[in-house]
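**Q** Below are the structure tokens for one structure; questions will follow.
The values are calculated or read from the model by the stated rules, or taken from the named source; none is laboratory data. No experiment lies behind these values; they were computed from the predicted model shown. A quick note on method: Cβ atoms are made from the backbone with ideal geometry, for glycine too, and the neighbour counts reach across all protein chains shown.
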């Protein structure tokens, strides 16, 4: 199996100048993720799990270590050294990120939000419209909500929309940052079905979970984090 | 790292100083400077070695406090001010091989009329307040070489429609419009020659929230539809967060930090950027 992502000796800390503080979030982490694999990371909150995902996605700057990603467009690329434009390209086309928080454009409806995600990849408008309806239906988002602003949605609805938006792109690598936190049982099953479907289609995933029961049925391997290192 | 794309606009080591400079503050780097001001000769170093690239279809945000040099930078790029030193290249002009700042004023006028559009914070600078709104657009079209009245009329109407100015008000002068409407007329005017690069200087500053929202939505939809590249200057991180793909942070005339917008917001490095982000409501 090909390696899709290889994290080598990743460390990340934060210097809060105004408070005179230095916070070490992650120390010397190594992860190897093969194509088609699903790896889960567990650990207490504050143990540094999300930091790893944010380093991969480029929301945090990588100061030490390397993250080698096998890109369709750029070949083998160290995300620690990728240009901003390369990261933006990868986010649009190859790497997806789902967090428990929906960060949306104000005054954009649920339907527009999902459509834009598809259009970004260069798909046609009619395709985007069709796929959007398909995925919103799959997640049983009430039809009345499709043309409403997500700011008025409940937590569960927001999350389902968030996942729908990331999954509709069928990214090569999907980062899941506690995607099932605060979901009810039915919604969890929906998410699970879609994750399974993506796995069957060959999407590689790296996920953080609190819900160990949910995770155990899905992942191929798991790591446990404590204080920024794997235990 | 070599890029996989070609920039639309490339700015290299742009410097702008007000004042002659003296042996004490030469190059704007000496320790006698208070911030970017020389106490000996009174020279202000408004932009110091500013370099950046703008790529096709992206929004580049520039954020910084008042006096950080953002507007001076935009004025230099639109030839409202003469640079002290530096270079800028636009791909659609002479294949991106000629330094715009060294072109004749006639050529610079050509570039303003054909390749760039600018929207000012103050509509008085971007519009003729006594002309009709559609006349303002026609002015820019004429400058860009148009001479067919019917075509200008229909293009003007189309543009005003796009920025949600009611057709029946197209012949009214902007001085009778609200601030938000004036900004939208300015945007229509700036877009009239299909510029590959649009410069937006604090376009929503001073507008009330709902009007600000409508202007921001307009910018976002235009950018998506027309795929123009936008340089967006704002001191408002909320605006930057909503619109910019990448962001530069300026302080005292220098770019002190740059990155993906979420990098700037979630993992700011420079003490000033941290302070700025933590000031966000």
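**Q** Out of curiosity, is residue B:251 facing another protein chain (nearest Cβ under 10 Å), crowded, with 19+ Cβ neighbours inside 10 Å and under 19 Å from the mean Cα position of the chain (by Cα)?
**A** Working: facing another protein chain (nearest Cβ under 10 Å): no; crowded, with 19+ Cβ neighbours inside 10 Å: yes; under 19 Å from the mean Cα position of the chain (by Cα): yes.
Taking the combined requirement at face value, the residue does not satisfy it.
**Q** Same structure, new question: Are there helices (runs of 4 or more DSSP H) fully within the range A:129-231 with at least 3 residues that are at pLDDT 85 or above? List them. Write out each step before concluding.
**A** On the way: elements: A:143-146, A:155-167, A:185-200, A:212-216.
Filter on the range A:129-231 gives A:143-146, A:155-167, A:185-200.
**Q** Given (1) more than 21 Å from the chain's Cα centre (by Cα); (2) within 14 Å of another protein chain (Cβ to nearest Cβ), where does residue A:97 come up short, assuming only one miss?
**A** For residue A:97, the failing item is (1).
**Q** Could you check how many residues of the range B:182-228 are part of a loop (DSSP other than H, G, I, E, B) and either modelled with pLDDT of 90 or more or away from chain A (no Cβ under 12 Å) (or both)?
**A** Taking the range B:182-228 and keeping what is part of a loop (DSSP other than H, G, I, E, B), we get B:192-196, B:202-208, B:227-228.
Those left that are additionally either modelled with pLDDT of 90 or more or away from chain A (no Cβ under 12 Å) (or both): B:192-196, B:202-208, B:228.
Qualifying residue count for the region: 13.
**Q** With the checklist (1) closer than 26 Å to residue A:79 by Cβ; (2) free of Cβ contacts under 8 Å to residues at least 40 places away in the same chain; (3) at the interface with chain A (Cβ under 10 Å from one of its Cβ atoms) in hand, flag the one item residue B:275 doesn't pass.
**A** Single failed check for residue B:275: (1).
**Q** Suppose we filter B:239, B:231, B:277 for residues that are under 21 Å from the mean Cα position of the chain (by Cα) and either in a loop (DSSP other than H, G, I, E, B) or under 30 Å from residue B:38 (Cα atoms) (or both); which single one remains?
**A** After applying the criteria, what remains is B:231.
**Q** Would you confirm, using the coordinates I've provided, whether residue A:118 is modelled with pLDDT under 90, touching a helix residue (DSSP H, G or I) at 6+ places or on another chain (Cβ under 8 Å) and under 16 Å from residue A:104 (Cα atoms)?
**A** On the way: modelled with pLDDT under 90: no; touching a helix residue (DSSP H, G or I) at 6+ places or on another chain (Cβ under 8 Å): yes; under 16 Å from residue A:104 (Cα atoms): yes.
When the stated conditions are applied, residue A:118 does not pass them.
**Q** Considering each of B:69, B:21 in turn, give the residue that is modelled with pLDDT under 90, at positive phi and surrounded by 14 or more Cβ atoms within 10 Å (Cβ to Cβ).
**A** Of B:69, B:21, the one residue that is modelled with pLDDT under 90, at positive phi and surrounded by 14 or more Cβ atoms within 10 Å (Cβ to Cβ) is B:21.
**Q** To continue, here is another question. For residue A:12, work out the one condition from (1) at the interface with chain B (Cβ under 10 Å from one of its Cβ atoms); (2) over 24 Å from residue A:98 (Cβ atoms); (3) in a strand (DSSP E or B) it doesn't fulfil.
**A** Among (1) at the interface with chain B (Cβ under 10 Å from one of its Cβ atoms); (2) over 24 Å from residue A:98 (Cβ atoms); (3) in a strand (DSSP E or B), residue A:12 violates only (2).
**Q** Assuming residue B:96 fulfils every condition listed in (1) more than 30 Å from residue B:275 (Cα to Cα); (2) touching a helix residue (DSSP H, G or I) at 6+ places or on another chain (Cβ under 9 Å) apart from one, which condition is it?
**A** Result: residue B:96 fails condition (2) only.
**Q** I'd like to check which strands (runs of 3 or more DSSP E) are fully inside the range A:57-124 and have at least 3 residues that are touching a residue at least 60 places away in the same chain (Cβ under 8 Å). Don't jump to the end; show me each part of the working.
**A** Values: elements: A:64-71, A:75-78, A:95-99.
The strands (runs of 3 or more DSSP E) meeting that bar are A:64-71, A:95-99.
**Q** Is it the case, given these coordinates, that residue A:39 is within 16 Å of the chain's Cα centre (by Cα), more than 14 Å from every other protein chain (Cβ to nearest Cβ) and within 18 Å of residue A:173 (Cα to Cα)? Show your work before the answer.
**A** Details: within 16 Å of the chain's Cα centre (by Cα): yes; more than 14 Å from every other protein chain (Cβ to nearest Cβ): yes; within 18 Å of residue A:173 (Cα to Cα): yes.
When the stated conditions are applied, residue A:39 passes them.
**Q** Considering the range B:172-181 alone, what residues qualify as being assigned to a helix (DSSP H, G or I), without any contact (Cβ under 8 Å) to a residue 40 or more places away in the chain and out of contact with any helix residue (DSSP H, G or I) (no Cβ under 6 Å at 6 or more places or on another chain)? Talk me through it step by step, then tell me what you get.
**A** Going through the range B:172-181, the residues assigned to a helix (DSSP H, G or I) turn out to be B:174-176, B:179-181.
Now restrict to residues that are without any contact (Cβ under 8 Å) to a residue 40 or more places away in the chain: B:176, B:180-181.
Selection gives B:176, B:181.
**Q** Is there a residue being crowded, with 17+ Cβ neighbours inside 10 Å, within 17 Å of the chain's Cα centre (by Cα), over 20 Å from residue B:72 (Cβ atoms) and touching a residue at least 24 places away in the same chain (Cβ under 8 Å) anywhere in the range B:152-160?
**A** Checked against the condition, which is being crowded, with 17+ Cβ neighbours inside 10 Å, within 17 Å of the chain's Cα centre (by Cα), over 20 Å from residue B:72 (Cβ atoms) and touching a residue at least 24 places away in the same chain (Cβ under 8 Å), the range B:152-160 yields no hits at all.
**Q** Can you name every residue in the range A:49-74 that is within 23 Å of residue A:118 (Cα to Cα) and surrounded by fewer than 21 Cβ atoms within 10 Å (Cβ to Cβ)?
**A** A:70, A:71, A:72, A:73, A:74
**Q** Please work out which residue is farthest from the other protein chains (Cβ to nearest Cβ), limiting yourself to the range A:72-94 and to residues that are farther than 15 Å from residue B:245 by Cβ and out of contact with any strand residue (DSSP E or B) (no Cβ under 7 Å at 6 or more places or on another chain). Give the derivation first.
**A** We begin by selecting, within the range A:72-94, every residue farther than 15 Å from residue B:245 by Cβ; these are A:72-81, A:94.
Subset that is out of contact with any strand residue (DSSP E or B) (no Cβ under 7 Å at 6 or more places or on another chain): A:72-75, A:81.
Values: A:72: 13, A:73: 8, A:74: 7, A:75: 11, A:81: 7 Å.
Once the filter is applied, the top-ranked residue is A:72.
**Q** Right, next: Counting only residues that are at pLDDT below 95 and assigned to a loop (DSSP other than H, G, I, E, B), how many does the range B:30-56 have?
**A** Number of matching residues: 11.
**Q** Name every residue in the range B:204-215 that is in contact with a helix residue (DSSP H, G or I) (Cβ under 6 Å, 6 or more places away or on another chain) and crowded, with 18+ Cβ neighbours inside 10 Å, in order of residue number. Break it down into steps so the answer makes sense when it comes.
**A** The initial filter retains those residues of the range B:204-215 that are in contact with a helix residue (DSSP H, G or I) (Cβ under 6 Å, 6 or more places away or on another chain), namely B:204, B:207, B:211, B:215.
Across the range B:204-215, the qualifying residues are B:204, B:207, B:215.
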